[in-house]
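Here the structure is laid out as structure tokens; the discussion comes afterwards.
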Amino acid sequence: MTTRPAVLTGGSIAPAALARPSGTFAMVAADQRDSLRTMMAQQERIPGSAVPDTRLTAFKLAVARELGPYASALLIDRDYGYRRLVDECVLPGGCAPILAVDVLDQQPGGPVEDTALDESVDTAAIVADGTRGLKLLVIWRRDGHRDRRIALADRFIGMCRAAGLASVLEPVARPTHEEEGAGAFRLNDSIVEAARELAPLGPSLYKCQVPDGGAGPVAGLARQAERIDAVVDVPWVVLSQGVRAADFPRAVEAACRAGASGFLAGRALWTDALAGDRDSTLRGASADRLRFLGDVVDRYGRPWWDAAAAGERVTA
């Protein structure tokens, strides 16, 4: 019988709070802010300014209501939906809330350029809400700000550890202007380099991009994902941004075969619910995808307690 570690050294709770009984993760992301507004506006061919905040909140709560029963955790933000999610008890008991605590530097209609940590968050109140983890997005580049980003991620992990909350660190690799102009950016190499730099800080969960944007056969994707696994010694999961919805199940399988423990994804699950009958689509096609992906991670994913750093944990 396997003894499952319960807490991490340093006081941070283990990612068990966010996991399935199998020790893997099938988590839904609903923390998009201006990006979601842009997607809604593009769908209807209207300006982003014509999409009210109430629509973003309503969509996120619908995602939580319809997909929460099949998810091990759901990620949301304070701007659009967190308070109502908690106060209205939208999520079932088996789906843990995760709160995004990143402040986004993002122009309307554009990508996130940089992030900061919202240090005004009352972690004691969040724990009292029943929230089980926090998430920080870090935009990683080969530039002169590496030390600042390392300090930011370390501060976030420390904040989670002090509060007894799981820390989900999400570095997203982007090119510098020089790399972009010279066509010198290599996504796979950058994902690995970011992981080598930030994963040793010891988050409860490391969330990263899929190599090759999820395109290609499982075997080739898995070979690239093995490079991530070689430098990440905490449980890790993949995100779906930049991956076609049709490719995502194959990408998840490949990552899990290489050592990942699952996914934390949004767009690959619920994008088509932005058109037509929202709730019917979420209840049907989106829920079907999530259930299928749950089977994939249960079959191929590495249980979180088998991650390399498991030896640093103490048992309950």
Can you compute the charge dipole magnitude of the stretch 183-316 about its Cα centre, using +1 on each Lys and Arg Cβ and -1 on each Asp and Glu Cβ, nothing else charged? Give it in debye, rounded to the nearest 20. 140 debye
Antiparallel DSSP beta bridges within the chain, as percent of all bridges there, nearest 5: 20 percent
May I have the convex hull volume per residue, in Å³, for the Cα set of the stretch 133-174? 42 Å³
Checked the stretch 1-148 with the C-alpha gyration tensor, a ≥ b ≥ c its square-rooted eigenvalues, rounded below a/c of 1.5, otherwise prolate if a/b is larger than b/c and oblate if not; verdict oblate
Do you know the relative contact order of the stretch 152-238, to the nearest whole percent, from alpha carbon pairs under 8 angstrom that are 6+ apart? 33 percent
Using the heavy atoms of the protein chains and a 1.4 angstrom probe, tell me the accessible area per residue for the stretch 123-277 in square angstrom. 36 Å²
Among 124-135, 40-51, 258-269, the order from most to least packed when residues are scored by Cβ within 10 Å on average: 258-269, 124-135, 40-51
Assigned charges on the beta-carbon of Lys, Arg, Asp, Glu; the stretch 35-182 dipole about Cα centre (debye): 320 debye
Let me understand the stretch 202-316 better: what is its radius of gyration from the alpha carbons, and its Dmax, in angstrom? 14.9, 49
Arrange the peptides 221-234, 21-34 so that the one whose residues have, on average, the most other Cβ atoms within 10 Å appears first. 21-34, 221-234
Under the √(5λ) rule applied to the eigenvalues of the Cα gyration tensor, what semi-axes describe the equivalent ellipsoid of the stretch 49-136? Give them in Å, descending. 22, 18, 11
Taking the Cα centre of the chain as origin and charging only Cβ (+1 Lys, Arg; -1 Asp, Glu), how large is the dipole, in debye to the nearest 20? 620 debye
Quick one: net charge of residue 251's neighbours, Cβ under 12 Å, K/R +1, D/E -1? 0
From the phi of every residue in the stretch 230-237, what ³J(HN,Hα) in whole Hz does the Karplus formula 6.51 cos²θ - 1.76 cosθ + 1.60 yield, where θ is phi - 60° and glycine or proline is x? 5, 10, 10, 10, 10, x, 9, 9
Rel. contact order, % - alpha carbon contacts under 8 angstrom, at least six apart, the stretch 112-268: 19 percent
Convex hull over the alpha-carbon atoms of the stretch 163-240: what's its volume per residue in Å³? 104 Å³
Given the options 18, 128, 166, identify the residue whose Cα lies farthest towards the positive end of the charge dipole of the chain (+1 on Cβ of Lys, Arg; -1 on Cβ of Asp, Glu). 18
Residue-averaged [θ]222 nm for the chain, counting only DSSP H segments that reach four residues, each worth -39500 (n - 2.57): -11000 deg cm²/dmol
What whole-number value in Å² describes the accessible area per residue of the stretch 14-118 for a 1.4 Å probe? 39 Å²
Relative contact order in percent for the chain (Cα pairs under 8 Å, 6+ apart) equals 22 percent
Quick check: at a probe of 1.4 Å, how many percent of the accessible area of the chain sits on carbon and sulfur atoms? 50 percent
Dimensionless Rg ratio for the stretch 112-192, taking C-alpha atoms and the 2.2 N^0.38 Å reference: 1.31
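The values are calculated or read from the model by the stated rules, or taken from the named source; none is laboratory data. Computed from a predicted model, the values in this text were never measured in an experiment. Positions of Cβ are generated from backbone atoms using ideal geometry, with glycine treated the same way; all protein chains shown enter the neighbour counts. Please note that ligands, DNA and RNA were not included when accessible areas were found on the heavy atoms of the full protein model with its side chains. Shrake-Rupley method; radii C 1.70, N 1.55, O 1.52, S 1.80 Å.
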